[in-house]
Amino acid sequence: MGDVMERRGPANNQGWVRLWRSDGLVRLELGGEVDALLEQALEHAVTEARTGGLPVEVDTRSVTFMDSLALTSLARLAVGHRTAVFVDPPDLVRFLLDVTRLGDVVQIRETGTGAGATAST
């Protein structure tokens, strides 16, 4: 893809935010512990993702923890953007989307390649 922006939390936090922008798509990737220590990085990424009117894919497959501040940022992306698609969200993220009803305003795409997918033999 084209431009890449990556931010990591402090050394004691294993979380990260990565934003990829190509000609027709923005991909927001989150991983590890996405919490208050990443709030500024996530807010910056969400603001960048919303510019240009491109569809946004949100990849949370590597998320191990997500707090309410992170969810608030993602809600800002989903509510204020015409297309926000969560690709293969793990059970943790799916639960948060369901409980907050944010899942009602975003699309969820199952590709069969997420962390919970099983290989066929």
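The table below gives the values:
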quantity	calculated
Efficiency of FRET from Cβ geometry, residue 40 and residue 94, R₀ 25 Å, rounded to 0.05	0.45
In nm, spacing of pseudo-spin labels at residue 105 and residue 62 (7 Å Cα→C-beta vector)	2.8 nm
Highest average packing first - 28-40, 48-60, Cβ atoms within 10 Å	28-40, 48-60
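Any read-out appearing in this document is the output of simple, stated calculations on the displayed coordinates, not a laboratory observation. Since we're looking at a predicted model, the values are computed, not measured. Here Cβ is always computed from backbone atoms with ideal geometry, including for glycine, and neighbour counts include all displayed protein chains.
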